[in-house]
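Since the structure comes first, as structure tokens, the remarks are kept for the end.
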Amino acid sequence: MNLPLALALTAAWSCFSTLGLEYTAFAACLLVGAWRLKQQGQWHIAWQGHIVVPWLALWVLLAISAAWSGAPAGSKIAHLWTYGLVLLMPLAAHAWTPEAAKRGLQHFIVAAALVGGLNLLHRHGLLPNFALWQRIVDAEGNQRIAMSLLLALGGVLALNEALGQPDATPRARAAWLLASALCIVGLALQDRRSGMLNLPLLLVVLVFARQRSAWRRFALVAVVALLAFAAWQVSDGVRNRFREGIAEVQAPRTPDTVSTSWGQRLYMLELTSDMVRERPWLGHGVASWPTLWAQRTTPGTPLHEHTTPHNEYLMVATQVGAAGLLLLLLALATSWQRAWLAGPGGTASLMAWTMLITSSLFNAMLRDAKFALPLLTVAALGAAASRATAPDGQRREDADQRSGVNPVSR
């Protein structure tokens, strides 16, 4: 096994591992990517492309805002690091060849299917009690939400492998369909609303990305809607989770006693909006939200322990105001557009950016490395894999520019 392939597979499997192992895989890819660029004398193309400009502008604004932030120095550094991951991913991607990245994405799907299968065995009491997989089937908090999102992503990518590859054999298609089914079953059993909401949305985006006929788009979107409705009807767990959320919103609550997920999010929305209104243009500075939140909540209450508002857009607006929020929206829109223009080879990148954009309404996706690192890894693998779709020099260069990842010498 060559080094680019080994690193791509390690990065893919690490998405379902501990954060420490994810960072280890990312660091290895970062170092090898830098080494390859140095060996080939191509440092000038490391971040070439307009996609980096809005992300860099956002990061620079966050760094400047440290001057007026009242947060501790360690918190400022931690925030700048996690927001800087998106700038480092293109460099890490230079550790992979397009072929290695494509294999890495296939292994990501296999890993997701394995996680789905483990959840299925766990539900039926067939899974031995072993620490290696207990953190997967018994994950809590943001780790469980992250696993739910990755299962939804894996299910859609497996379906794309089954139905979107013209040269796939019937046996391969059946294997990918099975993998997709395991991911979706595991997602339903994990019982997280984030992944459940993302799954039909990703399928709709996939339909519009892959189908050019308006009638086919309409028909396939109708099929997705019917399947979602059928899943709603037959799955008591799915219906109960959303009923719980609606009941949480409607139930009487106070800031000191609310302990429900959706109820807490409502208070976060209200209080964080107040923070933004206090300094609407340039915000309170990087890493300021936890300090401001602690000042507005009662110690010892369920609300007080939170470190993010569970909304990336509000998180950025609190720190760097309307200027930062506009840069974030521009950066996300540009990244999504590049993935869309990359064509079929960039499907994984398109799905990952779609998930980052939508899930940022409910979680601090870029601030929390549990979300950011695996999804950015999949986006980078997808962008690198899309380079393989260009058969000659000019078309390959054009594909690189559209996907936002630039080639190293092959």
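The values are calculated or read from the model by the stated rules, or taken from the named source; none is laboratory data. Everything numeric here is computed off the predicted structure, so don't read it as measured data. Neighbour counts are summed over all protein chains in view; Cβ atoms, including those assigned to glycine, are modelled from backbone coordinates with ideal geometry.
A compact table of results
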quantity	calculated
Segment 305-317 - residue that is part of a helix (DSSP H, G or I) and out of contact with any Gly (no Cβ under 6 Å at 6 or more places or on another chain) and, of those, nearest to G283 (Cα to Cα)	A317
Single residue of A101, A95 found to be in contact (Cβ under 8 Å) with a residue 60 or more places away in the chain, buried (at least 16 other Cβ atoms within 10 Å of the Cβ), small (G, A, S) and not in a loop (DSSP other than H, G, I, E, B)	A101
One residue from T307, T354, T334, T318 being surrounded by fewer than 19 Cβ atoms within 10 Å (Cβ to Cβ), at negative phi and touching a residue at least 12 places away in the same chain (Cβ under 8 Å)	T307
Residues of segment 242-293 classified as at pLDDT 70 or above, part of a loop (DSSP other than H, G, I, E, B), surrounded by fewer than 18 Cβ atoms within 10 Å (Cβ to Cβ) and of a type in the set (A, V, I, L, M), total	1
Subset tally (residues that are among the small types (G, A, S), touching a helix residue (DSSP H, G or I) at 6+ places or on another chain (Cβ under 6 Å) and over 19 Å from S65 (Cβ atoms)) for segment 257-302	2
Residue match in segment 392-407 (condition: in contact with a Ser or Thr (Cβ under 6 Å, 6 or more places away or on another chain), crowded, with 22+ Cβ neighbours inside 10 Å, modelled with pLDDT of 95 or more and assigned to a helix (DSSP H, G or I))	no
Hey, A113 closer than 15 Å to S14 by Cβ and surrounded by 24 or more Cβ atoms within 10 Å (Cβ to Cβ) or not	no
Scan of segment 146-180 for residues that are without any contact (Cβ under 8 Å) to a residue 40 or more places away in the chain, aliphatic (A, V, I, L, M) and part of a helix (DSSP H, G or I), ordered by number	A162, L163, A172, A174, A175, L177
In segment 17-51, the residues that are assigned to a helix (DSSP H, G or I), touching a residue at least 60 places away in the same chain (Cβ under 8 Å) and more than 21 Å from T97 (Cβ to Cβ)	L19, E22, Y23
Identity of the residue in segment 340-351, among the small types (G, A, S) and at pLDDT 95 or above, that ends up surrounded by the fewest Cβ atoms within 10 Å (Cβ to Cβ)	S349
Residue list for segment 342-351, filter: in contact with a Gly (Cβ under 9 Å, 6 or more places away or on another chain) and either on the phi > 0 side of the Ramachandran plot or hydrophobic (A, V, I, L, M, F, W, C) (or both)	A342, A348, L350, M351
